[in-house]
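A short write-up of the structure that comes next.
The values are calculated or read from the model by the stated rules, or taken from the named source; none is laboratory data. These numbers come from a predicted model, not from an experiment. We place every Cβ from the backbone using ideal geometry, glycine too, and count neighbours over all the protein chains shown. These accessible areas exclude ligands, DNA and RNA; they are computed on the full protein's heavy atoms, side chains included. Shrake-Rupley method; radii C 1.70, N 1.55, O 1.52, S 1.80 Å.
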Amino acid sequence: MAALQRRTFFKLGLAGAALSLFRPAKAGEILSDYSSVETGETVFSPIVISTWNHGIAANAGAWEVLQNGGKSIDAVEKGVMVTESDLTNRSVGIGGMPDRDGHVTLDACIMDEKSRCGSVAFLEGIAHPISVARAVMDTTLHVMIVGAGAKKFALDRGFETIKTPIPEVKAEWKKWRKEHKDEYTKPEINHENHDTIGMLAMDKFGNISGACTTSGWAYKMHGRVGDSPIIGAGLFVDNEIGGAVATGLGEAIIRIAGSHTVVELMRQGFTPQEACKMAVDRILSKHTDLTNLQCCFLAIDKKGNVGSYSVYNGFNYALKTAKAEKMVDAEFNRSW
Ligand code: GLY
């Protein structure tokens, strides 16, 4: 996959530097990468990436913040809120699939450039778990709250409530329940379910933040929590190095602290692409049964290089910059 190579201010040379200095920056204007403006401020070209096709609309939400000179933490929250609100999405937010007992339990986490983070898990009936996670980060001494405690926290702070599952999802679940009365099934994650949205953004200050939100594995056991709200598994950001998000079978991703592993590999000098592949290789080395074991990583480094890799084919991500808006197919280890 083509990495996004960006040039530095220093590579512009004296002529480029003079041009930059003589060209006043307008508020919110996207300048070339690492450009110097008349204030002496260094301005980066913002970039946002997110998992799956639903990432296109989510990126557009994030872009509204980034193009106006906003911070990456605000961008990723606004971005994934778009997906959480999408009634047609069966793996994130309001339209999400329930667990085997008919409860839609939501998981989300968020992390900023200062390594501040917040997370909620096993949260029911709240429209925007990502904003509750943000409130945990911004207003409490804690990182993670779950279940009834997370619900009380959200209600006390006036977060919007929702009734889930929505009627069409409830009808689907009732049918499934009748057919699978006593069994624990193993649905194909990421093949028929499109799973989590994980988003990473770099703002004009060069700061990276990330967000991750999901309704998790459809028809999971009641109480099951996947990788998505676990800092280091579904999401990890270290602003000195970069950030990573994961999507796919949460149990396998947690086992290798997936997103943290990707960032630490980038710290060792591997590209985002190499780091994502090495994390997938590690997952493969820990499992003998690879049936339905879809796991995918998406990462960005401090220079704006992007990489992704998955166990099976079919994973893609959405990318938006000032110059490009596209879906990119990830490289993979094997075909279904
Ligand atoms: N990756 C989402 C989950 O396993 O719940």
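Some observations on this one:
- Scan of region 71-88 for residues that are over 28 Å from Pro98 (Cβ atoms) and open to solvent by less than 20 Å² (accessible area, probe 1.4 Å), ordered by number: Ser72, Ile73, Ala75
- Single match in Lys175, Lys163 (criterion: modelled with pLDDT under 95, over 27 Å from Phe315 (Cα atoms) and either open to solvent by 90 Å² or more (accessible area, probe 1.4 Å) or outside any loop (DSSP other than H, G, I, E, B) (or both)): Lys175
- Residue match in region 287-303 (condition: at pLDDT 95 or above and polar (S, T, N, Q)): no
- Unique residue being within 15 Å of the chain's Cα centre (by Cα), crowded, with 21+ Cβ neighbours inside 10 Å and in contact (Cβ under 8 Å) with a residue 12 or more places away in the chain when the list is Ala121, Ala133: Ala133
- Matching residues, region 212-230, being hydroxyl-bearing (Ser, Thr, Tyr), closer than 22 Å to Lys181 by Cα and either near the ligand (Cβ under 8 Å from one of its atoms) or under 14 Å from the mean Cα position of the chain (by Cα) (or both): Ser215
- Odd one out for His287, checked against (1) closer than 21 Å to Val143 by Cβ; (2) away from the ligand (no atom under 14 Å from the Cβ): (1)
- Qualifying residue in region 234-243 (condition: part of a loop (DSSP other than H, G, I, E, B), open to solvent by less than 40 Å² (accessible area, probe 1.4 Å) and not aliphatic (A, V, I, L, M)): yes
- For the condition at pLDDT 95 or above and more than 20 Å from Asp203 (Cα to Cα), Lys326 does not qualify.
- If you filter region 244-261 down to residues that are open to solvent by 10 Å² or more (accessible area, probe 1.4 Å), near the ligand (Cβ under 10 Å from one of its atoms) and not in a loop (DSSP other than H, G, I, E, B), you find that the one that is modelled with the lowest pLDDT is Glu251.
- For Ala318, the conditions (1) farther than 28 Å from Ala57 by Cα; (2) of a type in the set (A, V, I, L, M, F, W, C); (3) not in a loop (DSSP other than H, G, I, E, B) are fulfilled apart from (1).
- Residue that is nearest to Ser45 (Cα to Cα), among those in region 272-308 that are open to solvent by less than 30 Å² (accessible area, probe 1.4 Å) and assigned to a helix (DSSP H, G or I): Pro272
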